[in-house]
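A.B. asks: There's a structure below that I have some questions on.
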Amino acid sequence: MPRFKFRLEAALKLAERELDNERRRLAVELEQLRQVKNAACKAEEEWQGAIQNQKEAGMHDPENLGRWQAYAVSRLKRLRELQKELEEQEKRVEAQRVNVIEAHKNQEKLKKLKEKKKAAFWLKEQHREQNLLDEAGQIIFMRQREEQEYEVEDEF
């Protein structure tokens, strides 16, 4: 029985491997995004705490007010840096998602091509087998007919 051989099997394997690699890269980018988000949340909490301590220092401890103001400004600066980094990381994640989608499309394209080629191969095989069976049937019919003709000739 003939076997189906897909000529682009190596390309399909490479596309699958590429898709796996792109998914891993996306997972790394998502993990970095999560870390940056956590750092940004922590920085916002620190900034809010610094603002609160600045208010309390303004009411109860004016000599430390300047230090709390400087600390609050440094925390706000750090928060803005992290927010900018967060935006950049979100862009990297989105770009990586596009890469995953493209790799997936490429893999699916090759899979569909393989399925079409496989279906065409088996259809061709069925036609070939049917032709062989038809030919065998014709040979059997011709032999039976010849035998009947010989039997008729032998009777005379």
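The values are calculated or read from the model by the stated rules, or taken from the named source; none is laboratory data. Because the structure is predicted, anything quoted here is derived from the model rather than measured. Every residue, glycine among them, receives a Cβ derived from its backbone with ideal geometry; neighbour counts consider all protein chains shown. Calculation scope for accessible area: heavy atoms of the full protein, side chains included, ligands and nucleic acids excluded. Shrake-Rupley method; radii C 1.70, N 1.55, O 1.52, S 1.80 Å.
A.B. asks: Can you spot a residue in region 56-66 that is at pLDDT 95 or above and of a type in the set (Asp, Glu)?
C.D. replies: no
A.B. asks: Same structure, new question: Every residue in region 85-113 that is of a type in the set (A, V, I, L, M), in contact (Cβ under 8 Å) with a residue 12 or more places away in the chain and closer than 29 Å to Ala39 by Cα, please.
C.D. replies: Leu86, Val93, Val100
A.B. asks: Do any residues in region 21-38 that are within 13 Å of Glu85 (Cα to Cα) have Cβ atoms under 7 Å from those of residues that are of a type in the set (D, E, K, R) and open to solvent by 60 Å² or more (accessible area, probe 1.4 Å), where the two are at least six apart or on different chains, and which pairs are they?
C.D. replies: The qualifying pairs are Glu29/Arg92; Leu33/Glu90; Val36/Glu85.
A.B. asks: Also: If Gln54 satisfies all but one of (1) within 19 Å of the chain's Cα centre (by Cα); (2) farther than 30 Å from Glu129 by Cβ; (3) surrounded by 15 or more Cβ atoms within 10 Å (Cβ to Cβ), what's the number of the condition it fails?
C.D. replies: Evaluating Gln54 over (1) within 19 Å of the chain's Cα centre (by Cα); (2) farther than 30 Å from Glu129 by Cβ; (3) surrounded by 15 or more Cβ atoms within 10 Å (Cβ to Cβ) leaves (1) as the failure.
A.B. asks: For region 116-130, name all the residues that are open to solvent by 100 Å² or more (accessible area, probe 1.4 Å) and free of Cβ contacts under 8 Å to residues at least 40 places away in the same chain.
C.D. replies: Lys116, Lys124, Gln126, His127, Arg128
A.B. asks: Quick check on Glu87: is it of a type outside the set (S, T, N, Q), modelled with pLDDT of 95 or more, surrounded by fewer than 16 Cβ atoms within 10 Å (Cβ to Cβ) and more than 30 Å from Leu12 (Cα to Cα)?
C.D. replies: The answer is yes for Glu87.
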